[in-house]
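I have placed the structure first, in the form of C-alpha cells, so that the comments after it can refer back to it.
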Amino acid sequence: MSKTTLFTLAAGVLAASCLVPVAQAQDSMYMPSMTYRTGPFAGGGTPFADGYADYFNMLNERDGGINGVKIVVDECETAYNTQKGVECYESTKGNGALAYSPLSTGITLALIPKAPVDEIPIFSMGYGLSAAAAGEQFPWTFVYPASYWNQLSSILKYIDSNGGIKDKKIGFIYLDAGYGKEPIPLLDQLSESMGFSVAKFPVGVKEMQNQGSQWLNVRKERPDWMIMWGWGAMNPTAIKEAAKIRFPLDRFIGNWWAGSHNDLKAVGAAGKGYLAANFSGIGQDYPAVQDILTHVVEKGMSKVASADDVGNVLYNRGMFNAVVLAEAIRVAQDKTGKSVITGADMRDGLEAINLTEERLTELGLPGFTGEVKGSCSDHEGGGSVFIQQWTGSDWEKVSDLIAPMTDVVRPMLEEAAEAYVSDKPDWKGQTCS
Amino acid sequence: MELIHSILVAPFIEMVAYPDFFLQVVWEGFVAGVLYSLIALGFVLIYKASGVFNFAQGIMVVFAALALVSLHAMGVPAWLAVLLSLGIMGLLAVGIERLVLRKLVNQHDAILLMATIGLTLVLKGVGQLVFGGEPKPMITEQLGLPTGSTDWEVFDGIVIFQHIDIAAAVIAVLMVMALGVFFSKTRIGRALRAVADDHQAALSVGISLHQIWAIVWFASGIVALVTGIMWGARSEVSFALEIIALKALAVLILGGFTSIPGAIVGGLMIGVGEKLFEVYWGALFGSGVEAWFAYVLALIFLLFRPQGLFGERIIERV
Amino acid sequence: MALQADVAESDGLPVAHAQTGQSSVQPGGAEQLLKVEHVSLSFGGVKAVTDISFDILKGEVRAIIGPNGAGKTSMLNVINGFYHPQEGVISFKGKPRRRMKPHQAAASGIARTFQNVALFKGMSTLDNIMSGRSLKMHRGFFWQVLHVGPARAEEIQHRRRVEEIIDFLEIAHIRKQPVGKLPYGLQKRVELGRAMAMEPELLLLDEPMAGMNLEEKEDMSRFIIDLNTEFGTTIALIEHDMGVVMDLADRVVVLDYGKKIADGTPGEVQASQAVIDAYLGVAH
Amino acid sequence: MLYREAGQFKTSYAADQALMPITQDRVGLLVILVVTFVVIPVFATDFFIGSIMIPFLVFALAAIGLNILTGYAGQLSLGTGAFMGVGAYSCYKLATIFPDINIIVLILVSGVFSALVGVLFGLPSLRIKGLYLAITTLAAQFFLEWCFIRIAWLYNYNDSGAIEVPQRKLFDIAITGASATPTVRYLIIAGLVAVLTLVAANVLRGRIGRSWMMIRDMDIAAELMGIRPLYAKLSAFAFSSYYCGVAGALMVFMWLGSAEVEAFDINHSFLVLFMVIIGGMGSLVGCFMGAAFIWVLPIIIRAVPQMLGLDILAATTEHIANIIIGVLIIFFLIVEPHGLARLWQIGKEKLRTWPFPYAST
C-alpha cells in the first residue's frame, strides 16, 4: 500500500517523459549536450557548453542546418557527476541521439560499454580513456584530436627541445582522480626511456584550493620542470602557489584543461609566463567564430555572459567539439546518401573524418588546429598540440604544432586497450584491414 | 627497522637539516590554520548562543564572498560592496532566525544540524542561481589588501611571507579581539553570554532570544565574509571551498564547541599539524593525507578528551 | 482481579521468591536481599552521599525519604550501577561488588523507574513493556531475520506475559499508542509496567507518585501493594508524600545532606528528633 | 470508506503482530508486488526502468541502511557514501578473485566487508554521541575515500583508478555489464531489495530492533533494561553498513557499470541522508518514499518546463531542485520530523475514521 503514492508519482514521470517533445521529426537531428554549468568545475563547463551550442546554432541560422537538416541541441546538466551523467544518457538516448560528448572521465568510463549496445558513438575529445584511441578494440569511442598520452609525449618533447630533458627532474602535479592519474603509466615509461626522473604531487579533489603542502613539497624536491594535469579551481590555485614559491612559471606547463582564460582570470599578471598545451585556436579571428558572433551572439541566442567570452580557450574548444561532430555528420550524409542519419551512420562518419588544413579553411577555421584524420584503427587522429603562454592578460601561441611520440605511445595504447577488453568476454571489437 | 627509521628519525633529521624550509612549512600551516580558525569561529559563535551546530557555515563563507565579488562586478565600488554584502548577511541572519530557528526551538541537536544541512542546499542553490556557479577572482587590490611578498633570509635560506597571509593573520587577531570586547563590554555581548549559559534564565531577565539569535547569526555572517575575502584572495571564490570548510568541524573537536580560544588554538594545531604531517610523513602513506588528517586527529582526540582542549567536562546526569 | 488465574497459567513467573502467607509488616527474620555498607559518593569534590549503610530484606517495601538534595536519587543510582561510589560495598543476594554496569544490575535482577519518566518515547506502550523482556529473549539473529519458528514463538510467549501486565495495570486501551503522547499519570504506569516486565527481585521506584492527583496516587499505591504482596517483589521506593510512605513502607531510611539520619519502621522514624529537625529545617 | 479495519478481529497474538494486520494493507502490498515484478518489467520503457526504477531501488536500499542507524538506533552518520564504497570495491575485488561464483552471491557477501568496516568506525560511538559521532563518521568518509584512491590494489591497478564491472551471466543471461538489459538488472535488484526489506522489517520488530530503538530513545533506561550499549550500537552499525554496502555494490554492478571514487563522496552521503529525512526517520516505508522523492523530483523539475515549452537552462533547474529539496528538508524538520511516511500514516488514519474528521488525534 505504501508504495502506491510513489508509483503514481513514478507513473506521472513516465507519462511526462513520453510527452516531452522528441526531436525525431524528419527535418532535424538530435544532438545531446552534456554540460556542467554547476558544481565545482562549473567555471570550465560553462564556456565549453556555450561554444558547443553556439556553433550548431550558427549552422542552423547561417546554413539552415547541415545539408538542410537542422540540429537540435539539447542540454542535460551533469554537474560533473557520474550518476547524473548516466541518467542524462539514459533519458536522451531514445531521442535519436547521434553522439555523446560526456565531458568527464567518470561519465565517459560509464558510457564506453554502453555505446556498442545502444549504437551511439562516444566522442570524448581529448579526455576520457586514452586506450579508447585504439579503434580495433573501441569501435564506438573517439578521442580526436589526441589522447592524454599523446599530449603528454608532446609536452615532454617540448621540454626536450628547450634545454634537454635527460637527467632532469620533472614534477607532475595532478588532480587525484581518474582524470589526473590517466597519463601516469606513460610518464613512468618515458622517464626510463628518456632518462629523466619524476616527482608526483597529487591534489585531492577536495583540496583543490588548498595546495600549500604540495607546493612546499615542490620546493623541497626542486624539479626542473612542472607539468600539471589540473582542472577547475585547482589550476589558478596551483599557478598562484607556484608564483609564491618562486617557481619559474615559464617552466610550468599545464595540459589542455589547465590553460584556459578562466583559469588565469583569477591569477592575472601574477601568472605571466605560465605555459599550457592546447589544440584549439584562440581568439575571435576566425571566419567561423565571426559567423557565430553575427548569427548567434548578436541575435541574443547565445548563453554567453558577454561577447568578449567568445574566442576564449574553452569556448573555442567547445566549438571545436561541435565542428568535429558537424563534420562527421556531413561525412556520414555523403556516405549514406541520407539526410537524416543514425548513430551508427554517425560512427562511420567519425571514423572517416578528414579535417585537413584545406578543409579547416573551408569551414572558416584556418590554422585552428592540426590535421585530424581518422581511420578504422586510429581513433585519435593527428594528435598534435601546440604550446601557449600567458602574457599576463592573454594567451599567446609560442610553439608550432608538436607531433606526439606515436612510436612509443601507440603500442602502450594498444596494450591498455587489450587489457581493458580482456575481462569482457562478449566485447565487440572490429577488425581493420 | 627501516620503517621505524623513516617514521621516527628521518623526518626530524630533515627538519633540522633545512631549518628555513621547516619554518616555511610551519608558516604555511599557520596561515591555513588561521583560516580554519576563522571558519570554526563562526561555528562557535552560533553554537554558544543557540546550541545550533551550523553546518551551513562553510557555504555562508562562499555565499558572502560571492555576493561581494558579484556586487563589485556590477559596478558597485569595493567598500560599498562590502557594506552591501554585510547587509545581505544581516538579512540572511534575520531570515534564518525567523523562518527556521524560531520554529525549531528545543529540538534535538541532531534535528538542528540536519536543518542547517537543508539550509546549505538552499544557499547553494540560491547562490548559484543569483551569482552564477563559476569561480570568480577575489577583488584583492580594490579592497586595499596587500599583495606581494617579503623574504626573510635565515639559516642560509629564505622564508617567504606573502603579505596577504600576514594581513589575514592580523585581521584574524583583530577580529578575535573585537569579539572579545564585544562579549565583555557591550550590553548585547553580556546578554549573549547569559544566553549561552542558560536560555531559561536569560529569558527570565528579559533578554529576547530571537534578537540574540539573529545577532549571532549576523556576527558569524561577518566572520564568514572576512573568511571568504581572505580565502578568496589566496585562490579564488568558488563553491569548491565548501568542502574545506568541513575541516572546521575537526577544529571544533580539538578546541571544544563553545570556546573561542579553543577555535583559534584548534585551527592552528590542525593547520600546522597537517602541513607537517603531509610534508614530512605524507610520502610514506602515498601522500594526500591532508584529506583525512584533521578528521582522524579529531577522532583520536575524541577518544581521549571528548570535551576538547578548552571545553568543559561533560558530566552526564541521570 | 483476574490476575491470579492468568499468572498461574503462564510460565516463567516470579513464583520462586513469592512469599505468600508471610506478613510483610514484620519481616524480622527474612534474608537480606541488598546490603549497602559505608557507601560514599562524590562528584569532583562535592559529596553527594556520605558513609551510608542500610539493608533491604527480601519481600519488604523499603522507603528512602529525605528533603530535596538529600542524596536519595544518588543512592538509587549507586544501587543500579549508574554511579560508582568511591567507597563502600554493595551486596546483592549476598554477592558483594564495587563497580557494576547498569545492564549487569539488570541481569542480576534489579529494575527501576525514574523520577522524570524515562520511557522510550518513540515506541508504543506495548513495545515499551516488551522492552522490559529484552533480557529474557534469547533467539539469535538468524531466527530474528526469518521471524518464523522459534523467534516468532518466543515473541508471542513474551507478548502473553506483557498482556498480563497490561491487564494488571489497566492500560489495555492505550496498548498501541506511542507513549510520548500519553498523559503523565499513564506514562508513570507504563514505566512501572516496563519495570514489572523484567520480573525483578528488587524494584527501585523513584518518586512513583510525583505530580499525580489523589485518584492516580491511590491507583498507584494499590499497584505497588499488589506487586509486593501478590508477586512478592521487593520494593525500594523514594517518595515525598509522607502519608503514602507511612502507609506503604515496612521500613524507612531517612537521608539528609547525604547522610543517614534515621532508619526503622515508619513509626520509629516519625518519632526521631533528627528527622523532625531535618524536615523543619533546624540548623545542624 | 474502503480503508476500514472494522470487522477484522484478531484472535491470536500472532495475527496481531503480523507485519500488516489490516487486510487492505495486505491487498495493497500484493498490488505493489504485482506492479513491481510484472507490470513494470512488461510495460515500462527502458528509460523508466534504467534511470528511474533502478536508481530508486538502489537508493531506497541505502536509505534503509542509513535509517537503521540514524532513524532506528539514533546514531547520526555522514559516512553512508563511504560505506557504500566499501561494498562496491569489495564486490569488485571478489568478482575478480572469484570469477566463477555467481555475482549475486558476491554482492550479498560484499556487504559483510562493509559491515566490518562499519563496526570499526562505530567503535567510537560507545564513548561519544550525537554531533561528535557525526564527526567521526566524517573521518570514516574521508579516510575511506582516500583509501579508494591510494590503495591501487582495490581497483586492480587500473590506469584510470576506476572500477569497471565485468560481464557476468546467470543461466546464460547477462546480468552485469553493458549487454545486460535494464529489465534483467531491474528484476534482480527488485528481488534483492524486496528480500532485504523483509529481513529488515523482521529484525526491526523483534528483540534486536527493539534494542536499537531503546538506545535511541533513552540510552540510560535501555541499559537498565539489560541492553548492552556495546552490542546494540555495534550491531546497528554492522547491520546498517551491510545494507549500505550491498546498495553500493548494486549501484556499481547493476546500475552505473563503472565508478570512480567521486561516486562515493560526501555529497552522496548527504543525498541518502536527505532521503531519510524527507522519507521519515524510523520508517521503512519512508525510505522508499524519500528515495523516490529525491531521485524523481529533479527529473520532474527538468521535464516540466520542457513540457510547457519554456526554455530554461539545464543548470537553472538543477539549482531550483537544490533549493526545493533544501526548503523541504527544513519544512519537514519543522512540521513533521517523521517525514512523508508520517504524512502517509496520517492519511491512512483519516481514511480509517472518515467521515469523522476529529476522531483521530
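The values are calculated or read from the model by the stated rules, or taken from the named source; none is laboratory data. Predicted model, so just to flag it, every value in this text is computed and none were measured. As a convention, Cβ positions derive from the backbone with ideal geometry for all residues, glycine included, and neighbour counts pool all protein chains shown. For accessibility, only protein heavy atoms count, side chains too; no ligands or nucleic acids. Shrake-Rupley method; radii C 1.70, N 1.55, O 1.52, S 1.80 Å.
Some points to look at:
- A residue that is part of a helix (DSSP H, G or I), in contact (Cβ under 8 Å) with a residue 12 or more places away in the chain and within 14 Å of chain C (Cβ to nearest Cβ) cannot be found anywhere in the stretch D:251-262.
Yes/no matrix, rows are residues, columns are (1) within 11 Å of another protein chain (Cβ to nearest Cβ); (2) open to solvent by 40 Å² or more (accessible area, probe 1.4 Å):
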{"position": "D:L69", "(1), (2)": "no, no"}
{"position": "D:V105", "(1), (2)": "no, yes"}
{"position": "D:S125", "(1), (2)": "yes, no"}
{"position": "D:Y132", "(1), (2)": "yes, yes"}
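- Of the residues making up the stretch B:127-155, those that are within 14 Å of chain D (Cβ to nearest Cβ) and open to solvent by less than 50 Å² (accessible area, probe 1.4 Å) are B:G127, B:Q128, B:F131, B:G132, B:G133.
- Of all residues making up the stretch A:270-296, the number that are charged (D, E, K, R) and under 19 Å from the mean Cα position of the chain (by Cα): 0
- Which listed residue is among the small types (G, A, S) and either crowded, with 21+ Cβ neighbours inside 10 Å or touching a residue at least 40 places away in the same chain (Cβ under 8 Å) (or both), from A:A305, A:A276, A:A270: A:A276
- Qualifying residue in the stretch B:83-99 (condition: open to solvent by 40 Å² or more (accessible area, probe 1.4 Å) and within 7 Å of another protein chain (Cβ to nearest Cβ)): no
- If you go through the stretch B:251-285 and pick out every residue that is in a loop (DSSP other than H, G, I, E, B) and open to solvent by 30 Å² or more (accessible area, probe 1.4 Å), you end up with 1.
- All positions within the stretch A:157-175 that are of a type in the set (A, V, I, L, M) and either within 17 Å of A:A277 (Cα to Cα) or open to solvent by 50 Å² or more (accessible area, probe 1.4 Å) (or both): A:I159, A:I170, A:I173, A:L175
- Test result for A:I253, of a type in the set (V, I, T), assigned by TED's automatic domain parsing to the domain that holds A:A99 and open to solvent by less than 10 Å² (accessible area, probe 1.4 Å): no
- Answer from D:L351, D:L297 - the residue that is part of a helix (DSSP H, G or I) and modelled with pLDDT of 80 or more: D:L297
- Look at the stretch C:80-98: where a residue is within 10 Å of C:S40 (Cα to Cα) and a partner is surrounded by fewer than 14 Cβ atoms within 10 Å (Cβ to Cβ), sitting 6+ places away or on another chain with Cβ atoms under 6 Å, you get C:H84/C:R99; C:G88/C:H38; C:V89/C:P96.
- Residues being more than 18 Å from B:G127 (Cα to Cα), open to solvent by 10 Å² or more (accessible area, probe 1.4 Å) and out of contact with any strand residue (DSSP E or B) (no Cβ under 9 Å at 6 or more places or on another chain) - total across the stretch B:215-239: 3
- The set of residues from the stretch B:235-254 being facing chain A (nearest Cβ under 7 Å) and over 14 Å from B:V69 (Cα atoms) comprises B:A240, B:L241, B:I243, B:I244.
- Any chance B:L35 is hydrophobic (A, V, I, L, M, F, W, C), under 21 Å from B:G256 (Cα atoms) and in a helix (DSSP H, G or I): yes
- A single entry from C:A111, C:A70, C:A107, C:A48 fulfils the requirement of being in contact (Cβ under 8 Å) with a residue 24 or more places away in the chain and within 14 Å of the chain's Cα centre (by Cα): C:A111.
- Of the residues making up the stretch C:57-90, those that are open to solvent by 20 Å² or more (accessible area, probe 1.4 Å) and more than 13 Å from chain B (Cβ to nearest Cβ) are C:K58, C:P67, C:N68, C:G69, C:Q86, C:E87, C:V89.
- When residues of the stretch A:400-433 are limited to those that are charged (D, E, K, R) and over 14 Å from D:D159 (Cα atoms), the one farthest from the other protein chains (Cβ to nearest Cβ): A:D400
- Top-ranked residue of the stretch D:71-88 - restricted to ones that are of a type in the set (S, T, N, Q) and open to solvent by less than 10 Å² (accessible area, probe 1.4 Å), ranked as farthest from D:P229 (Cα to Cα): D:T80
- Selection from the stretch A:159-180 of residues that are more than 21 Å from the chain's Cα centre (by Cα) and either not in a strand (DSSP E or B) or not basic (K, R) (or both): A:I159, A:D160, A:S161, A:N162, A:G163, A:G164, A:I165, A:K166, A:D167, A:K168, A:I170, A:G171
- Residues that are free of Cβ contacts under 8 Å to residues at least 24 places away in the same chain and open to solvent by less than 10 Å² (accessible area, probe 1.4 Å) within the stretch B:116-126 comprise B:G118, B:G125, listed in sequence order.
- The residue list A:F320, A:F386, A:F368 contains one member that is modelled with pLDDT of 85 or more, part of a strand (DSSP E or B) and open to solvent by less than 30 Å² (accessible area, probe 1.4 Å), which is A:F386.
- Entry remark, the stretch C:99-125: residues being farther than 26 Å from C:A210 by Cβ and more than 13 Å from chain D (Cβ to nearest Cβ) number 1 in total.
- In the stretch A:209-269, counting only helices (runs of 4 or more DSSP H) that sit wholly within it, the ones holding 2 or more residues that are under 25 Å from the mean Cα position of the chain (by Cα) span A:234-244, A:261-265.
- Of all residues in the stretch A:180-201 being facing another protein chain (nearest Cβ under 8 Å) and crowded, with 22+ Cβ neighbours inside 10 Å, the one that is nearest to B:G286 (Cα to Cα): A:F201
- The lone criterion from (1) under 24 Å from A:F386 (Cβ atoms); (2) more than 14 Å from chain B (Cβ to nearest Cβ); (3) in contact with a Pro (Cβ under 8 Å, 6 or more places away or on another chain) left unmet by A:G343 is number (1).
- A Cβ distance below 6 Å, combined with a sequence gap of six or more or placement on separate chains, defines the contacts here; from the stretch B:65-78, residues that are free of Cβ contacts under 8 Å to residues at least 24 places away in the same chain reach residues that are open to solvent by 60 Å² or more (accessible area, probe 1.4 Å) and assigned to a helix (DSSP H, G or I) in the pairs B:L71/B:L84.
- Of the criteria (1) open to solvent by less than 10 Å² (accessible area, probe 1.4 Å); (2) more than 12 Å from chain D (Cβ to nearest Cβ), which one C:P96 fails: (1)
- Considering the conditions (1) open to solvent by less than 20 Å² (accessible area, probe 1.4 Å); (2) outside the structural domain of C:G44 (by TED's automatic domain parsing); (3) assigned to a helix (DSSP H, G or I), C:D127 is excluded by exactly one of them, (1).
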